[in-house]
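J.: Could you have a look at this structure, given as structure tokens, before my questions?
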Amino acid sequence: MVQLGEIQARLRPHVPATLFGLLAVALMLVWAVHDGGYDAETWYWGALVTLGLLAAALVALGDGRRRLPRAGVVALVLFALYVAWSYLSITWAQSPGDALQGSNRALLYLLLFALLLVLPWTPQSALVALLTFAVGVGVIGIVLMVRLASDDRVTNLVIEGRLSAPTGYFNATAALFTIGALVQTGLATRRELPGLVRGLLLAFACGGLQLALIVQSRGWLFTLPLVVLAAILVSSDRLRLAAVAIIPVAGALAPLHRLLEVYQSSQGAGLGQAAARAGQAGLLICGAAFVLGTLVSWGDSLLRPRRLSTGRRRLIGTAVCVATIGGVLAAGTAATHGHPVRFVVRQWDGFSKPQESFSSQSHFVDVGSGRYDFWRVALDAVLAHPIGGLGQDNFDDYYVKRRRTTEEPSWTHSLEMRLLAHTGFVGFALFVGFLLAALALVLRGRRRGDALTRGVVGIALLPLAVWLIHGSVDWFWEVPALSGPALGFLGMAGALGARSSQASATRCAGGSSPDARPRARALARFTGALAVIAGVAVLGLCYLSVREVSLASNMRFSDPAGALRDLARAAQLNPLSAQPGRVAGTIALQNGEYAVAEERFRQSISREPGGWFAWLGAGLAASVQGDSKRAQRDFKVAYSINSLQPAVVQALARVNSPHPLKPAQALKLLVVIG
């Protein structure tokens, strides 16, 4: 009984953070396997779960939780102010419904950061949470490799020769497995873990890097050197990290020709065979990495080298960074056949051209991208609306009027551009201030922590490094499977930093009476309760609306009348969203209910005047009812918004023809819109 009591006493400090933290990690992994959590129906219920976890954690911990230092409070307040500014942008956004949904997503990230920040993390409990995340991502990767090796519905995993699963977006998939590989490699350096676990982590990292190579993301490739350099800089033991990373990196490069062959075979009938060869080779090498990694880990545990002085460790760390930069430059020179400058110039010329040129050998050597035009319009939006931006998630309508490409992106494809274009300089300053305050908390506490704390904090920052660097040229904010670990584990690192820097202050505060300020605490509890109720109301109503739209879309052919009823209910649940009207108008038009279709499209227009699709739909409904004047007016508005859309051009050209549009022709135009 005494031994059991001692075990319970040892475990008690780790239980609260481990319990709530593992639930948060489980949510991140669920997002990862459900298209990265991108679908609103997925992340909305995740936001409600996170809100419930945060409320439960605050109630369970009560007055026993540690007080946050000033930097932590500042970070939390600045993030909250950013979210509040995001909600305020609804008032000037052209599409208030999109601004509301984008603000709710920002609220999700605030809740996740706050949850992992307020938990009483210990280095051991944080290690368990990070290990669970690393193993989860590793298992996802191994399952994908098994499916590739067995040619199990490969066309659902690989699109145009590039791996899109599990997130459904190429670059997000590459980033997810890169995050996993970095965390797995970082954990593999920890002697606190058994040798078999460390070997397994290295095998997972090897598999993740192989899958990232199959994705063939150019943004991933070009930002990878900066990501690696950042990983080395935040690591507490740079030499060990660089040494251990040799195993997964070498293992990923060994079957490179097999991995690239998947893309090369995408145009023919050999995709399944190429994927099977890549998967089988990858699994074999992952097995070898597991054996080698385990043996190296056992040897590392048995051999305890002499501890180096701080000066020597810094010298070695600097040497590793310099060697990494030199290796990257040498590899770049070799890959460009001795002409790196010429290669960069060619890539820049291709980047600045909207039209892409494709190669049948590798997507890595393709040139051309729409990002140049996306960023051009985003900068124009910043100059036109410098204070508050366009409104959260309101880039798409602004871009489609000013585009020079045939693409219709919803996002700016850059975190910095997103912050500036969506919420202006105010939102940008608030979010950057939040990041700086959070990192200041982390770094200050890391300097004062023990070796385990410093190591765990460095590992927890790795997802943020990928999210910030690779996310500067892509849209990762909108993918909770990436934003969740980046901001959530930043909160965890901040909590560990607060634990280290505030240990003495906590002991001093423990001597004071917990009832010294009962009124202040009562007010805080009342305010917190109101905030929870408001959060449940906003998130809950929007989630129910999104859910009704999803159900209606699934039954649009089997029960169109029921679908229209569900969509009417969705429009009532969220009076700002234009989506229920668009979907209902399309369903009604497809089923010959033209008056209903026009009514629903008009409802969508009233909520989002800049949406070209609703104007086109309303014009089609008016046209088949014989009102060509109203139809022409609607088509002209749609054309003024989106003059490059073929369906709009065709509808406007035929509205006054001797043969007005028939219902079947109108439906065909909607199919063209897709």
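Bear in mind that the values in this text are calculations on the coordinates, not laboratory data. Here the structure is a predicted model, which means the values were calculated and not measured. Every residue, glycine as well, gets a Cβ built from its backbone with ideal geometry; the counts of neighbours run over all protein chains shown.
J.: Amide H of VAL367: which non-local residues (sequence gap of 5 or more, or other chain) have their own amide H closer than 5 Å, using H built in the peptide plane?
T.: SER357
J.: If you rank LEU284, LEU78 by fewest surrounding Cβ atoms within 10 Å, what's the result?
T.: Fewest-to-most Cβ neighbours within 10 Å comes out as LEU284, LEU78.
J.: Sticking with this one: Consider just the alpha-carbon atoms of the stretch 534-673 and return their Rg together with their Dmax, both in angstrom.
T.: Calculated on Cα positions, Rg and Dmax stand at 15.2, 56 Å.
J.: Another question, if that's okay. What residues have an amide H closer than 5 Å to that of LEU163, excluding those fewer than 5 places away on the same chain, when H is modeled at 1.01 Å from N in the peptide plane?
T.: Hits under the 5 Å cutoff: VAL215.
J.: Here's a follow-up. Hey, what did the stretch 534-673 get for relative contact order, percent, Cα under 8 Å, at least 6 apart?
T.: 15
J.: Follow-up. Could you derive backbone 3J(HN,Hα) for the stretch 133-144 from the dihedral phi with the Karplus parameters 6.51, -1.76 and 1.60 (θ = phi - 60°), listing whole Hz in sequence and x where the residue is Gly or Pro?
T.: Calculated HN-Hα couplings, in order: 4, 4, 5, x, 5, x, 5, 4, x, 5, 4, 4 Hz.
J.: Pop out the ³J(HN,Hα) list for the stretch 630-637 in order, Karplus 6.51 cos²θ - 1.76 cosθ + 1.60 with θ = phi - 60°, rounded to Hz; leave Gly and Pro as x.
T.: Coupling constants for the stretch 630-637: 5, 5, 4, 4, 5, 5, 5, 5 Hz.
J.: Computed FRET efficiency, Cβ-Cβ of GLN572 and THR91, R0 25 Å: what is it to the nearest 0.05?
T.: 0.70
J.: Tell me, what ³J(HN,Hα) does each residue in the stretch 252-262 have, in order and in whole Hz, if you take phi through Karplus 6.51 cos²θ - 1.76 cosθ + 1.60 with θ = phi - 60° and put x for Gly and Pro?
T.: 6, 7, 4, x, 4, 5, 5, 5, 6, 5, 4
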